[in-house]
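Read through the structure below, which is laid out as structure tokens, and then see the notes.
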Amino acid sequence: MDIDTTKPHVGRVYDYVLGGHHNYEVDRNAAAAIMKLVPTYPKWAKLNRWFIQLVGQQWSEAGMTNVLDLASGLPTQGHLNDYLPEARILFSDIDPVSVIYGEQILADRPNMRYLQADLRDPPPLLAAAAQFFGADRRIALGCIGIIYMMDDERSRDLLRKMHAFCAPGSVLALSFIVPRGASAAQQLNGAAALAGVKVYPRTPEEMAALIKPWKVHGCRPLVEWLGLDDFLTQEEYELNPFEMLGLIAHH
């Protein structure tokens, strides 16, 4: 796999702010620049990871045995493999660094696999998922930390294809960004551009329409899901151009 270390990758930037080591100087420099514009970025990254952990616990308690995780990043401590050790889990990411290290981390887990996949082109991912899960399509679908970096057309196409692939009883978990103020999108994208991505903030109503035919079961701020209402100070909250929400939907 070709790894471009001359440009930052948002997944490696995310790894760095979470305290990981699978990143390069270009990623660390991008993270420092982003934090000048959005100082709370590391806190939001942690909330996303903790939401993954909460979802993993819920899926374990619900007896979910098949998991398809999109834009997984690194399955290090605190990822779904820790909470669902007996489940069949197919992790995926476009970043070759995440895939290479992910394969190493999961080397002794025959029930888990890491796949390089571009979510803008779902058919190859779905073909691999069909081979991995076989006829058992009651699946827990993780889409945390990615949809807000995809435009409406691609997000809608991805989630509809995933719904068609999954069987009744499947569940979807995702996080998304809600703008706070008229200039929120512009401010967010000024920071996101430093990691080479664009951000698409959406309201809960827009998100519910975008994920159809998935049906929203619960939607609220990540801090509420996690019981961390005081995680951000009042000053941090007021200066932040966005809120991050978690959404659970059923097939």
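The values are calculated or read from the model by the stated rules, or taken from the named source; none is laboratory data. Because the structure is predicted, anything quoted here is derived from the model rather than measured. Cβ: placed from backbone, ideal geometry, glycine included. Neighbour counts: every protein chain shown. The accessibility values were calculated without ligands, DNA or RNA, using every heavy atom of the protein model including side chains. Shrake-Rupley method; radii C 1.70, N 1.55, O 1.52, S 1.80 Å.
Checked against (1) open to solvent by 60 Å² or more (accessible area, probe 1.4 Å); (2) within 17 Å of the chain's Cα centre (by Cα); (3) touching a residue at least 40 places away in the same chain (Cβ under 8 Å), S72 meets all criteria but (1). Taking the numbered list (1) farther than 18 Å from R49 by Cβ; (2) at pLDDT 85 or above; (3) part of a loop (DSSP other than H, G, I, E, B) in turn, G218 passes all entries but (3).
Of all residues in the stretch 147-174, which are open to solvent by less than 30 Å² (accessible area, probe 1.4 Å), among the hydrophobic types (A, V, I, L, M, F, W, C) and within 13 Å of the chain's Cα centre (by Cα)? Listed by number, the residues that qualify are I147, M150, L172, A173, L174. The number of residues in the stretch 225-237 being in a helix (DSSP H, G or I) and either in contact with a His (Cβ under 6 Å, 6 or more places away or on another chain) or surrounded by 12 or more Cβ atoms within 10 Å (Cβ to Cβ) (or both) comes to 3. Residues considered: P123, P179. Of these, the only one that is in contact with an Asp or Glu (Cβ under 9 Å, 6 or more places away or on another chain) and either surrounded by 14 or more Cβ atoms within 10 Å (Cβ to Cβ) or modelled with pLDDT of 95 or more (or both) is P179.
Restricting attention to the stretch 75-98 and to residues that are surrounded by fewer than 23 Cβ atoms within 10 Å (Cβ to Cβ) and among the small types (G, A, S), the residue that is farthest from the chain's Cα centre (by Cα) turns out to be A87.
The set of residues in the stretch 186-213 that are surrounded by fewer than 19 Cβ atoms within 10 Å (Cβ to Cβ) and small (G, A, S) comprises G190, A193, G196, A208, A209.
Only a single criterion out of (1) in contact (Cβ under 8 Å) with a residue 60 or more places away in the chain; (2) part of a loop (DSSP other than H, G, I, E, B); (3) surrounded by 16 or more Cβ atoms within 10 Å (Cβ to Cβ); (4) touching a Lys or Arg at 6+ places or on another chain (Cβ under 9 Å) is not satisfied by R138, namely (4).
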